[in-house]
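Undergrad: The structure's right below; bear with me while I get my questions together.
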């Protein structure tokens, strides 16, 4: 028997609200299945289960505020390797949610459980998002979709009737600011940061990107961020000491390269979910994954692994016109890379002054885990990777 | 025809930024300023315009996507 517990979905998360169960007793689950939605200070997160089995018992009711580590469900574990996706498969983001109703597997009999606890409410992903956002319990909504599934259009009417108040946007933002404040204060309190930076000529990288984008239709075009992330991953392969965690007074290197990608939320707030296996993906695959991740981050549909798996974070402030950013490390990571705005600068090329496109790249490192020499090697490797984008 | 294009463009923008309603979007105000959108959103908008109208907005013309009115005019003249 295994326990499914309230996960820690961030460095300083202490509690979470079990927003919604997506399974019921008797349901079979495979490793990587999303079985619950948890409300955190950083929004609603879809939480996966990491062992295969059958749900024996749901121990916590929807809407319950529980500490991290609380047993939420008991799972009777089974040997079911066929149903377990590979690591690569679980790391691949799902396509954006379609606004259609989903049909769950036929419910297993569980006569002792109340009706609402027995069956998962059939609802489209968009309806679930709207319901969570407006504080509407899906169990009370009359669905207009196939087999009575709740669709997005059903939620506003239910919201008007429901006794649950719509979450106050100001409160949500305040909670997110508190979560960011807690993590960043811990970082500045515990991590002895060192900072390095250098200007990199990215003229060639951007010219290569422009040529490539001009030769393919719009859906296959890339944003510069894809090249930057691929270059960071390539530099990590050469200088892996920056990729990992500081835990139990030691540096724990990570073989996978999962880059936290800072996403600003409309109206305020910031999350840095993980893009998995950046070095393994082609630029086109990475572009699709990044688009999907940003879209879901802004719609409050991130998954638990995306909140906890990042091995190094990349923050880019160029969009906002900022030429230089020295980041604050997200614990327990040991480094953060900052990317500034691309600007035109006079630059010496082959002994001649020329106008080139230049970007400031920075590294904030955890001095407990490595030192400035290592950081310098990393930045040089990053500059080298940016000079040969066709190899990324 | 222009009105139909405008309606579709507004629908695409609301799809990208569901925090807003079509009626709230000023046709002449910079989209980045009023909807808080970034290059990823602009990229997605260009992709959706291509899929919807068959009009390719190359990167050299991305400035035409700064307002709804300019966007509609670009689509109308390049269909």
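Any read-out appearing in this document is the output of simple, stated calculations on the displayed coordinates, not a laboratory observation. Note that the structure is predicted; figures quoted are calculated from it, not measured. Glycine also receives a Cβ, built like all others from the backbone with ideal geometry; neighbour counts cover every protein chain displayed.
Undergrad: Which FRET efficiency, nearest 0.05, do residue A:326 and residue A:384 yield, Cβ-Cβ r, R0 25 Å? Mind showing how you got there, number by number?
TA: Values: r = 22 Å, r/R0 = 0.88.
For residue A:326 and residue A:384, the calculated efficiency is 0.70.
Undergrad: Round to a whole angstrom and tell me the spacing of the C-alpha centers of the range A:373-392 and the range B:4-56.
TA: Result: 36 Å between the Cα centres.
Undergrad: I'd like to know how the range A:252-392 sits against the 2.2 N^0.38 Å rule of thumb: what's its Cα Rg over that expected value?
TA: Values: Rg = 16.3 Å, N = 141, 2.2 N^0.38 = 14.4 Å.
Dividing the Cα Rg of the range A:252-392 by 2.2 N^0.38 Å gives 1.13.
Undergrad: Given a Förster distance of 35 Å, report the FRET efficiency between residue A:248 and residue A:173 from their Cβ-Cβ distance, rounded to the nearest 0.05. Please list the in-between numbers first.
TA: Numbers: r = 35 Å, r/R0 = 0.99.
According to the calculation, E is roughly 0.50.
Undergrad: Something else: Residue separation times 0.36 nm, minus the C-alpha to C-alpha distance between residue A:189 and residue A:77: what's the value? Intermediate values should be presented prior to the final figure.
TA: Working: separation 112, 0.36 × 112 = 40.32 nm, distance 4.12 nm.
Fully extending the segment from residue A:189 to residue A:77 adds 36.2 nm.
Undergrad: While we're here: Take every residue in peptide B:35-42, count the Cβ atoms of other chains within 10 Å of its Cβ, and give the average of those counts.
TA: On the way: counts 1, 6, 1, 8, 6, 11, 5, 1.
For this peptide, the per-residue mean of nearby foreign Cβ atoms is 5.
Undergrad: Using a 7 Å offset from the Cα along the Cα-to-Cβ direction at both residue B:4 and residue B:28, what is the distance between the two label points in nm, to one decimal?
TA: 2.7 nm
Undergrad: If you don't mind, there's one more thing I want to ask. Over the range A:192-391, what is the relative contact order in whole percent, taking alpha-carbon pairs under 8 Å and six or more residues apart? Before the final figure, lay out the partial values.
TA: Numbers: 400 pairs, mean separation 62.3, N = 200.
The normalised contact order for the range A:192-391 reaches 31 percent.
Undergrad: I'd like to compare A:220-232, A:21-33: which one has the highest average count of other Cβ atoms within 10 Å, and what's the full order after that? Spell out each step's value before the answer.
TA: Numbers: A:220-232: 22.5, A:21-33: 19.5.
Going by the mean number of other Cβ atoms within 10 Å, highest first, we get A:220-232, A:21-33.
Undergrad: So what is the relative contact order for chain B, in percent, with contacts set as C-alpha pairs under 8 Å and at least six apart? Intermediate values should be presented prior to the final figure.
TA: Numbers: 66 pairs, mean separation 31.0, N = 79.
Answer for chain B is 39 percent.
Undergrad: How many Cβ atoms of partner chains, on average, are near each residue of A:268-279 if near means within 10 Å of its Cβ? Please list the in-between numbers first.
TA: Working: counts 1, 0, 0, 0, 0, 0, 0, 0, 0, 0, 0, 0.
Mean number of neighbouring Cβ atoms from other chains: 0.
Undergrad: In whole Å, what is the distance between the alpha-carbon centres of the range A:234-283 and the range A:327-348?
TA: Spelled out, the Cα-based centre of one part sits 14 Å from the other.
Undergrad: While we're looking at this one, here's another question. Over its Cα atoms, what ratio of radius of gyration to 2.2 N^0.38 Å does the range B:2-78 give? Please report the intermediate quantities before stating the final value.
TA: Working: Rg = 11.0 Å, N = 77, 2.2 N^0.38 = 11.5 Å.
With N residues counted in the range B:2-78, Rg over 2.2 N^0.38 Å equals 0.96.
Undergrad: Taking 45 Å as R0, compute the FRET efficiency from the Cβ-Cβ separation of residue A:352 and residue B:70 and round it to 0.05.
TA: Details: r = 39 Å, r/R0 = 0.87.
That pair, residue A:352 with residue B:70, gives E of 0.70.
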